[in-house]
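Take a look at the structure below.
The values are calculated or read from the model by the stated rules, or taken from the named source; none is laboratory data. Just so it is clear, the model here is predicted, and its values are computed rather than measured. Note that each Cβ is placed from the backbone with ideal geometry, even for glycine, and that neighbours are counted across all protein chains shown.
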């Protein structure tokens with residue numbers, strides 16, 4: 001998996017860094033990184049000059065066969081189940097093909113048909129644009145892929161048609177394409193027909209047109225082309241069919257979905273490592289021996305990543321927590337995460353390969369083979385997008401599985417019965433009145449339920465279409481859309497998990513600092529209280545350790561009690577030990593009780609001071625493993641997501657305080673607003689970059705180790721000689 005993830009993101013980074021053309025399309029070498037860079041970031045592309053001769057040969061071959069009177073599907077015959085008709089009006093046939101296919105519903109106020117004004121005051125059920133029109137990035141990706149497939153020169157169309165499509169991409173003229181209406185059988189006919197209509201300058205097909213400052217206007221295709229001095233296409237033989245008869249939209253949406261799924265797979269592995277640390281888990285679960293005796297490639301990759309991610313962590317359980325009353329091993333959510341992620345990584349790698357192949361495939365019909373002595377026109381079914389369906393359904397299953405893992409980890413972080421001593425609801429304040437992350441716990445349950453529904457297959461819901469001709473149809477675009485929907489849901493869960501686990505890491509560090517300070521004072525207080533009251537033969541050091549272990553365990557088990565009572569209750573719980581170990585002849589019960597009261601009060605004071613000091617300058621970084629440190633720093637420093645206390649989030653009393661005339665303060669966010677910051681970083685892709693960099697560091701460490709081993713072996717041979 002790393003051998004796909006790292007090159008893909010390296011290629012994307014390289015494409016985004018340059019101001020020059022990121023790729024020369026030649027029909028053979030387009031990669032997913034270039035599609036993402038061009039579709040989402042507006043990076044420039046061009047057509048390779050080497051394609052022009054082949055495009056011209058296929059155009060000439062088509063015209064020769066047509067002149068010879070050959071019947072060619074979709075050129076001088078009807079379409080689909082109507083292919084038994086013939087015509088000499090080959091140009092008109094292509095125009096009517098696009099007209100016939102432009103049947104998608106898009107409600108955006110741009111229709112030339114007057115709207116019914118009778119119910120104009122009725123509020124809409126949804127956002128008409130997002131509900132009926134594809135996002136701009138989907139269509140730009142479609143245009144790039146379609147241009148690349150046509151550039152291979154097996155479709156019989158003129159170079160001028162490709163040039164118009166390229167100019168539209170360069171000038172950021174992007175048709176507004178209906179969201180629904182394709183079954184991805186004879187390609188994505190419906191969506192591609194709107195791209196073809198825009199290329200014709202159809203005034204009723206509207207486009208987004210962006211200028212150099214990225215300001216965007218919606219206008220008719222005829223106006224947009226005229227403003228950019230792009231001549232509208234007048235369709236010749238087969239050219240309408242060549243534009244619409246392909247899998248470009250399915251491949252575009254599928255490719256964007258796979259790209260996001262790859263990024264989320266990287267994030268999920270980093271979040272898992274952070275969860276191991278926050279839950280005070282063990283790195284033993286990822287020991288290389290497990291992969292050695294069960295050598296699945298995905299599991300090996302995930303385990304190696306996690307093992308290296310946890311390197312240098314000071315929060316891991318190194319064995320001090322084992323004993324009666326403690327779990328000997330971590331729960332499944334983190335212990336089996338490598339085995340869980342392994343098949344996910346393998347599926348995503350295969351999905352990436354399937355999409356990558358599709359990006360460089362000619363998918364219209366019929367196709368023209370000019371390689372031999374005489375050109376052949378072949379009728380087949382390369383437009384059937386089942387390969388894309390296969391890719392996006394694997395990706396969607398992977399997204400659901402990642403969600404299930406992150407959901408389990410996050411709920412365990414929030415649940416005091418499972419989080420190994422963290423406060424309930426990850427609250428930094430008193431648990432009787434503060435329930436900081438409880439709403440998050442409920443929210444992610446809703447997200448995971450939705451992911452479970454979205455994981456259902458789409459490809460099994462095929463309906464026979466178009467006069468029974470399209471009895472097999474891939475539904476690839478529909479499945480791709482639902483995969484991107486699942487990506488959106490998982491992105492929200494990952495954002496919630498990220499905010500939660502950073503909070504948990506801070507709370508874990510607070511507890512470490514508090515217990516460290518308390519233990520130092522505990523020994524001192526214990527010696528001062530009992531040394532002068534006991535016979536010299538008493539082993540106070542051993543007793544002190546025993547009492548401390550019992551006291552600290554009680555503190556961990558009383559996380560749901562407010563601090564003013566928690567430490568007193570923990571201290572009182574060790575009374576039986578002292579009464580047993582210190583007979584009344586040595587120490588009176590009054591002395592023991594006074595010591596317990598003093599210990600409880602002192603613990604309250606130390607905890608209050610530790611929490612206050614940490615809140616002034618929260619930083620868990622020195623305690624974290626390699627990956628957690630990098631991600632934590634990004635969250636706290638770059639995204640400026642704070643450690644959550646009662647002073648961080650908005651409350652009604654804040655409004656009352658402002659109304660009372662106190663100094664104005666910036667508005668405080670809700671918890672959803674805070675999580676939204678992380679979600680936005682995922683959607684923009686910046687969070688992926690951090691996660692991928694963590695994985696890249698693992699690979700670089702492995703390379704360095706290999707070099708060191710090679711040098712060592714070489715030195716050994718030299719020394720023997």
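Please verify whether the range 187-197 includes one or more residues that are closer than 30 Å to residue 367 by Cα and surrounded by fewer than 24 Cβ atoms within 10 Å (Cβ to Cβ). Yes.
Conditions tested, residue by residue: (1) closer than 25 Å to residue 218 by Cα; (2) out of contact with any strand residue (DSSP E or B) (no Cβ under 7 Å at 6 or more places or on another chain); (3) modelled with pLDDT of 90 or more.
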residue: 71; (1), (2), (3): no, no, yes
residue: 77; (1), (2), (3): no, no, yes
residue: 84; (1), (2), (3): no, yes, no
residue: 90; (1), (2), (3): no, yes, yes
residue: 94; (1), (2), (3): no, yes, yes
residue: 97; (1), (2), (3): no, yes, yes
residue: 101; (1), (2), (3): yes, yes, yes
residue: 108; (1), (2), (3): yes, no, no
residue: 111; (1), (2), (3): yes, yes, no
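What residue, among those in the range 35-46 that are crowded, with 22+ Cβ neighbours inside 10 Å and in contact (Cβ under 8 Å) with a residue 40 or more places away in the chain, is nearest to the chain's Cα centre (by Cα)? Looking at residues that are crowded, with 22+ Cβ neighbours inside 10 Å and in contact (Cβ under 8 Å) with a residue 40 or more places away in the chain, I get 36.
For residue 467, the test of being within 30 Å of residue 80 (Cβ to Cβ) and in contact with a helix residue (DSSP H, G or I) (Cβ under 9 Å, 6 or more places away or on another chain) is passed.
Residue-wise test of (1) more than 20 Å from residue 315 (Cβ to Cβ); (2) under 26 Å from the mean Cα position of the chain (by Cα); (3) assigned by TED's automatic domain parsing to the domain that holds residue 309.
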{"residue": "609", "(1), (2), (3)": "yes, no, no"}
{"residue": "612", "(1), (2), (3)": "yes, no, no"}
{"residue": "623", "(1), (2), (3)": "no, no, no"}
{"residue": "626", "(1), (2), (3)": "no, yes, no"}
{"residue": "634", "(1), (2), (3)": "no, yes, no"}
{"residue": "642", "(1), (2), (3)": "yes, yes, no"}
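Residue 478 meets each of the listed conditions (1) under 22 Å from residue 104 (Cβ atoms); (2) over 32 Å from the mean Cα position of the chain (by Cα); (3) touching a residue at least 12 places away in the same chain (Cβ under 8 Å) apart from (2). Please work out if residue 154 is more than 33 Å from the chain's Cα centre (by Cα), in the same structural domain as residue 227 (by TED's automatic domain parsing), assigned to a loop (DSSP other than H, G, I, E, B) and closer than 24 Å to residue 32 by Cβ. Criteria met by residue 154.
This table checks each residue for (1) in contact (Cβ under 8 Å) with a residue 60 or more places away in the chain; (2) part of a loop (DSSP other than H, G, I, E, B); (3) buried (at least 21 other Cβ atoms within 10 Å of the Cβ); (4) in contact with a helix residue (DSSP H, G or I) (Cβ under 6 Å, 6 or more places away or on another chain).
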{"residue": "355", "(1), (2), (3), (4)": "yes, no, yes, yes"}
{"residue": "389", "(1), (2), (3), (4)": "yes, no, yes, yes"}
{"residue": "396", "(1), (2), (3), (4)": "yes, no, yes, yes"}
{"residue": "402", "(1), (2), (3), (4)": "yes, no, yes, yes"}
{"residue": "405", "(1), (2), (3), (4)": "yes, no, yes, yes"}
{"residue": "418", "(1), (2), (3), (4)": "yes, yes, no, yes"}
{"residue": "428", "(1), (2), (3), (4)": "yes, yes, yes, no"}
{"residue": "432", "(1), (2), (3), (4)": "yes, yes, no, no"}
{"residue": "441", "(1), (2), (3), (4)": "no, no, no, yes"}
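For the range 114-135, the tally of residues that are more than 23 Å from residue 363 (Cβ to Cβ), within 28 Å of the chain's Cα centre (by Cα) and modelled with pLDDT of 80 or more stands at 6.
The helices (runs of 4 or more DSSP H) located wholly in the range 168-251 that include 2 or more residues which are without any contact (Cβ under 8 Å) to a residue 24 or more places away in the chain and not assigned by TED's automatic domain parsing to the domain that holds residue 465 occupy 221-227.
For the range 303-317, filtering for residues that are over 17 Å from residue 501 (Cβ atoms) and in contact (Cβ under 8 Å) with a residue 60 or more places away in the chain leaves 4. From the list 165, 192, the lone residue that is at pLDDT 95 or above, under 22 Å from residue 41 (Cβ atoms) and touching a helix residue (DSSP H, G or I) at 6+ places or on another chain (Cβ under 9 Å) is 165.
Residues that are more than 10 Å from residue 310 (Cβ to Cβ) and surrounded by 24 or more Cβ atoms within 10 Å (Cβ to Cβ) within the range 273-288 comprise 275, 278, 279, listed in sequence order.
Results for (1) touching a strand residue (DSSP E or B) at 6+ places or on another chain (Cβ under 7 Å); (2) free of Cβ contacts under 8 Å to residues at least 12 places away in the same chain; (3) more than 17 Å from residue 404 (Cα to Cα); (4) outside any helix (DSSP H, G or I), shown as yes or no for each residue.
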{"position": "489", "(1), (2), (3), (4)": "no, no, no, no"}
{"position": "494", "(1), (2), (3), (4)": "no, no, no, no"}
{"position": "497", "(1), (2), (3), (4)": "no, no, no, no"}
{"position": "504", "(1), (2), (3), (4)": "no, no, yes, no"}
{"position": "520", "(1), (2), (3), (4)": "no, yes, yes, no"}
{"position": "523", "(1), (2), (3), (4)": "no, no, yes, no"}
{"position": "526", "(1), (2), (3), (4)": "no, no, yes, no"}
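Put simply, of 370, 336 the only residue that is closer than 30 Å to residue 62 by Cα and either in contact with a strand residue (DSSP E or B) (Cβ under 9 Å, 6 or more places away or on another chain) or in the same structural domain as residue 262 (by TED's automatic domain parsing) (or both) is 370.
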